[in-house]
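Below: the structure, in structure tokens.
The values are calculated or read from the model by the stated rules, or taken from the named source; none is laboratory data. No experiment lies behind these values; they were computed from the predicted model shown. Neighbour counts run over all protein chains shown; Cβ positions are idealised from the backbone, glycine included.
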Amino acid sequence: MSKPVCLVTAPVGTRSGYGAHSRDIVHSLIDLDLYDVKIMPVRWGSTPQNALDENNPEDKKLLDRFLPEPNLEKQPELHIHIVVPNEFQTWGKYNIGITAGAEFTAVRPEWLEGLNRMDLNIVPSEFTKEWIVKTKFDKTNEQTKEKIGELILEKPIEVLFEGYDESIYGSGSTDDDINTELNSIKEDFCFLFTGHWLQGGLGNDRKDVGALIKIFYESFGRKVNKPALILKTCGSTPSVIDRYEVLGKIDQIKKQFPGQNLPPVYLLHGDLTDNQMNALYHHRKVKAMVMFTHGEGFGRPLLEFSTTGKPILVSNWSGHLDFLKKDAVTLIKGRLTDVPKDAFPENIYQEGAQWFTCYFDVVKKELIKCFKQYKKYNKKASRQKVYAKNFTRQKMTEKLGMIIDKYVPEFPTEVALNLPKLKKIEGGQTGAIIPPSNEQKSTKIKLPKLKSVSDGK
């Protein structure tokens, strides 16, 4: 008896947010044991495809399901496509699209069209669902230009959070490379930012990394006692060229403060394993996470860091509000502002959309208070560690099972027909049927080393 085939088309092997999300989804599908899971791996921009290690048993579960060729002998019963919605394809008898979706207040019409191609759509946060559902475009007659209807989301949409792996996150750990790098930092109080430094000028990159550095300099540049800021970041790739580009951006910001004794900014450039990330989060010198992002579909690093019970200072808007307890973290006030055109590629940018911009004076105030009154902030943060237990991968798997049970139809079970074998009978006669026996024949990716810490000089 064979199970229905579930084809997952996704950037499973890439070091990206979508890659990590894809791996979680596949692991959950395997744990549910409802389907014969097959994987068609795809690229995710220029991000490295080295996230899976064949020597890791958990990774091997995924690698063993990779299709050697991009085809199947028959149409899969279920197809799950994990990409941006305009790329959704309906290759299965039933099709589910999974996307991080929106980081601002509207999505492109091509995205709505892609979502409407699927039988069901899944997003990681109520925020993303809200803005997809609210997005509307006029349909017009091409000749008369008269309105003939509206383009809206017509297919079901469900929220499924990205659960963290309890076997990795949620308990302290160490790593020799991480310890070596961070122990070399002379400051004992370090704020941590982690995330990609995306396209756009100062203040226009989605994570707002450039503005974070500038505000950090302004907050502590004239102070006697100074904390440090650790940037675990890169641009589009973990390459040497990219590293120099990031250092160049930091240096340009530094030039705005001539003659000042600025607080140090250290750069951790490139990719780290999950275990290394957990060691970074738990290192004694890392006291708090800061992320003044313009918008997040979910905000995975924030969830992972929240399992440490350390303070988090973050924008009071978008996907991370689903899993951050309001009275356990510091939510920075701000306002909605227009999304700049240079912040996104043309196929993602939507004219008229808005995102969140923190009030810089509030950011400065909270950075200084967290540094001076750390015990107070740390005590509040301990409640988030408990709350984060509601967002484990096990709980994510359980919810995925409920969504599948609610929406996905039962497919006819294909049963192999085992005909009885003919056996020669004494006397030379043939044709007597002998029941068959019950016994049936069953037809190192090496991770890159941690780059050395730089103070940005």
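If I ask for residues that are touching a Gly at 6+ places or on another chain (Cβ under 7 Å) and either more than 14 Å from residue 193 (Cα to Cα) or assigned to a helix (DSSP H, G or I) (or both), which ones from region 209-253 would you list? Full working, then the answer.
If we filter region 209-253 for residues that are touching a Gly at 6+ places or on another chain (Cβ under 7 Å), which is where we start, we get 210-211, 233-234, 236, 238, 242, 245-247, 249-251, 253.
Answer for region 209-253, where residues must be touching a Gly at 6+ places or on another chain (Cβ under 7 Å) and either more than 14 Å from residue 193 (Cα to Cα) or assigned to a helix (DSSP H, G or I) (or both): 210, 211, 236, 238, 242, 245, 246, 247, 249, 250, 251, 253.
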Practice task
Specify the residue that is surrounded by the most Cβ atoms within 10 Å (Cβ to Cβ); the eligible residues are those in region 361-380 that are out of contact with any helix residue (DSSP H, G or I) (no Cβ under 8 Å at 6 or more places or on another chain) and within 18 Å of residue 305 (Cβ to Cβ).
Solution key: 366
Practice task
Being touching a strand residue (DSSP E or B) at 6+ places or on another chain (Cβ under 8 Å) and among the small types (Gly, Ala, Ser) is the filter here, so list the residues in region 290-327 that pass it.
Solution key: 295, 297, 299, 306, 315, 318
Handout entry: Index of the failed condition, residue 243 passing every other in (1) closer than 27 Å to residue 295 by Cβ; (2) at pLDDT 95 or above; (3) among the basic types (Lys, Arg)
Key = (2)
Exercise for the section: For region 382-402, indicate whether the set of residues that are among the hydrophobic types (A, V, I, L, M, F, W, C), part of a loop (DSSP other than H, G, I, E, B) and at pLDDT 95 or above is non-empty. Expected result: no
Completion exercise
Of the residues in region 371-404, those that are under 19 Å from the mean Cα position of the chain (by Cα) and among the small types (Gly, Ala, Ser) number 1
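So which residues in region 279-322 are in contact with a Leu (Cβ under 6 Å, 6 or more places away or on another chain) and farther than 13 Å from residue 391 by Cβ, if there are any at all?
Step one: filter region 279-322 for residues in contact with a Leu (Cβ under 6 Å, 6 or more places away or on another chain), giving 283, 285-286, 289-290, 292, 316, 320.
Selection gives 283, 285, 286, 289, 290, 292, 316.
Which of the residues spanning region 143-171 are over 22 Å from residue 101 (Cα atoms) and assigned to a strand (DSSP E or B)? Walk me through how you get there before you give the answer.
First, pick out the residues of region 143-171 that are over 22 Å from residue 101 (Cα atoms): 143-149, 165-171.
If the condition is that a residue be over 22 Å from residue 101 (Cα atoms) and assigned to a strand (DSSP E or B), then 147, 148, 149 are the ones that fit.
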Handout entry: Pick from region 335-355, criterion over 23 Å from the mean Cα position of the chain (by Cα) and part of a strand (DSSP E or B), ranking: surrounded by the fewest Cβ atoms within 10 Å (Cβ to Cβ)
Key = 335
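Tell me the residue from 174, 180 that is at negative phi and in a loop (DSSP other than H, G, I, E, B), please. Quick ask: steps written out before the conclusion?
Values: 180 fails: in a loop (DSSP other than H, G, I, E, B).
Answer to the check: 174.
Filter region 313-334 down to residues that are part of a loop (DSSP other than H, G, I, E, B) and of a type outside the set (Lys, Arg), then give me how many there are. Full working, then the answer.
The initial filter retains those residues of region 313-334 that are part of a loop (DSSP other than H, G, I, E, B), namely 316-318, 323-329, 333.
Pick out the ones that are also of a type outside the set (Lys, Arg) and you get 316-318, 323-324, 327-329.
Residues flagged as part of a loop (DSSP other than H, G, I, E, B) and of a type outside the set (Lys, Arg) within region 313-334 amount to 8.
Return yes when residue 132 is outside the structural domain of residue 287 (by TED's automatic domain parsing) and farther than 29 Å from residue 93 by Cα and no when it is not.
No, not satisfied.
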Practice task
Report the residue count in region 74-101 for those that are basic (Lys, Arg) and modelled with pLDDT of 95 or more.
Solution key: 1
Exercise for the section: Among the candidates 346, 410, 366, single out the residue that is acidic (Asp, Glu) and modelled with pLDDT of 95 or more. Expected result: 366
Handout entry: Some residue of region 267-288 being among the basic types (Lys, Arg) and either in contact with a Gly (Cβ under 9 Å, 6 or more places away or on another chain) or in the same structural domain as residue 58 (by TED's automatic domain parsing) (or both)
Key = no
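Condition check: over 23 Å from residue 26 (Cβ atoms), of a type in the set (Ser, Thr, Tyr) and at pLDDT below 95. Does residue 140 satisfy that?
Taking the combined requirement at face value, the residue satisfies it.
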Practice task
Would you mind telling me which numbered condition in (1) surrounded by 19 or more Cβ atoms within 10 Å (Cβ to Cβ); (2) part of a loop (DSSP other than H, G, I, E, B) residue 266 fails?
Solution key: (2)
Practice task
For region 1-56, enumerate the residues that are polar (S, T, N, Q) and more than 12 Å from residue 80 (Cα to Cα).
Solution key: 2, 14, 16, 28, 46, 47, 49, 50, 55, 56
Handout entry: Residue check for residue 71: polar (S, T, N, Q), farther than 27 Å from residue 242 by Cβ and at pLDDT 95 or above
Key = no
